[in-house]
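Beneath this line is the structure, given in structure tokens, with notes to follow.
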Amino acid sequence: SQQGEEDPQALSIQEGENATMNCSYKTSINNLQWYRQNSGRGLVHLILIRSNEREKHSGRLRVTLDTSKKSSSLLITASRAADTASYFCATDDANDYKLSFGAGTTVTVRA
Amino acid sequence: GAGVSQSPSNKVTEKGKDVELRCDPISGHTALYWYRQSLGQGLEFLIYFQGNSAPDKSGLPSDRFSAERTGGSVSTLTIQRTQQEDSAVYLCASSLHRSGGATEQFFGPGTRLTVL
């Protein structure tokens with residue numbers, strides 16, 4: 001069953017704008033990860049944030065985690081056309097190592 | 001180094017036939033996962049192998065689905081008597097196993113299965 005749920009389902013922005021998407025989950029976790037998928041094929045890992053971390057940066061990506069609200073956000077700053085993709089959050093159950101993925105947010109960056 | 005590879009990249013089969021999907025994980029990765037993704041949907045967990053431990057098969061949707069991992073490396077996902085609802089992209093991923101929770105997973109390009 002899916003644990004993470006992303007919001008919004010779809011997002012369309014102009015190149016140069018920021019894109020923010022959110023993920024909510026239901027049970028305690030060890031880590032939360034964000035992945036990107038282009039053209040419906042393999043996923044690429046973007047960033048991992050541990051349950052004892054609140055914020056993490058990687059290049060133009062900023063991830064926050066609020067374990068009290070069981071939610072995370074992914075911010076992409078200064079978006080580019082190449083950022084057009086689907087973005088998924090994935091969580092692992094505190095007692096397990098397999099990941100549960102949400103349905104994803106589809107981001108379209110208009111040139 | 002080489003990433004996760006999957007074969008075939010596309011498979012079209014007739015309803016009722018058996019299919020085998022192959023995954024070659026990254027060398028040294030002890031954990032291997034299979035997922036299924038239907039059009040426009042998220043990933044559905046199927047099965048997880050970790051070292052020599054018994055696999056976690058809790059995500060397999062029916063007894064028509066099975067998977068094995070030989071020698072702790074290559075894995076094969078078999079679907080018997082395929083049905084049209086089995087049509088999806090089947091994704092394989094591998095990762096290192098460390099304490100403290102799931103680590104980064106490296107995904108293959110997937111096999112797109114179409115059951116006619």
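Only the coordinates and a few stated rules stand behind these numbers; no lab work does. Everything quoted here is computed from the prediction, not taken from an experiment. Methodologically, a virtual Cβ is constructed for each residue, glycine included, from the backbone with ideal geometry; neighbour enumeration extends over all protein chains shown.
Couple of notes before you dig in:
- Projected label points at A:S58 and B:Q83, each 7 Å from Cα along the beta carbon direction, are separated by 3.7 nanometres.
- With contacts taken as Cα pairs under 8 Å and at least 6 residues apart, chain A reaches a relative contact order of 39 percent.
- Paramagnetic reach from A:T77 (point 7 Å along Cα→Cβ, amide N under 17 Å) across the range A:24-67: A:47, A:55-65
- Highest-fluctuation residue, A:G16, A:G42, A:G59 considered, GNM on chain A with Cα pairs under 10 Å: A:G59
- Sites excluded, trypsin sites (Lys or Arg not before Pro) in DSSP loops with at most 15 other C-beta within 10 Å, longest stretch of chain A: A:81-111
- In a simple Cβ point-charge model (Lys, Arg +1; Asp, Glu -1; nothing else charged), the range B:5-99 has a dipole of about 80 debye relative to its Cα centre.
- The number of Lys pairs in chain A with C-alpha atoms less than 17 Å apart, excluding pairs fewer than 8 positions apart on the same chain, is 4.
- Residue-normalised convex hull volume from the C-alpha trace of chain B: 103 Å³ per residue.
- Given charges at beta-carbon only (K, R positive; D, E negative), |dipole| of the range A:5-110 in Debye: 180
- Over the range A:1-53, relative contact order from alpha-carbon pairs under 8 Å, at least 6 apart, %: 29
- Lys/Arg +1, Asp/Glu -1 at C-beta; the range A:5-110 dipole; positive extreme among A:G102, A:G16, A:T64: A:G16
- Here the dipole of the protein assembly as shown is about 220 debye; that uses its Cα centre as origin and unit charges on the Cβ of Lys and Arg (positive) and Asp and Glu (negative).
- Converting the Cα gyration tensor eigenvalues of the protein assembly as shown into ellipsoid dimensions via √(5λ) gives semi-axes, longest first, of 29, 21, 15 Å.
- Toward the positive end of the charge dipole of the protein assembly as shown, with +1 on the Cβ of Lys and Arg and -1 on the Cβ of Asp and Glu, the farthest Cα among B:P25, B:H97, B:G59 is that of B:P25.
- Average Cα contact separation per residue, chain B, under 8 Å, 6 or more apart, as relative contact order %: 38
- Its alpha carbons considered, the range A:5-110 gives a radius of gyration followed by a Dmax of 13.1, 41 Å.
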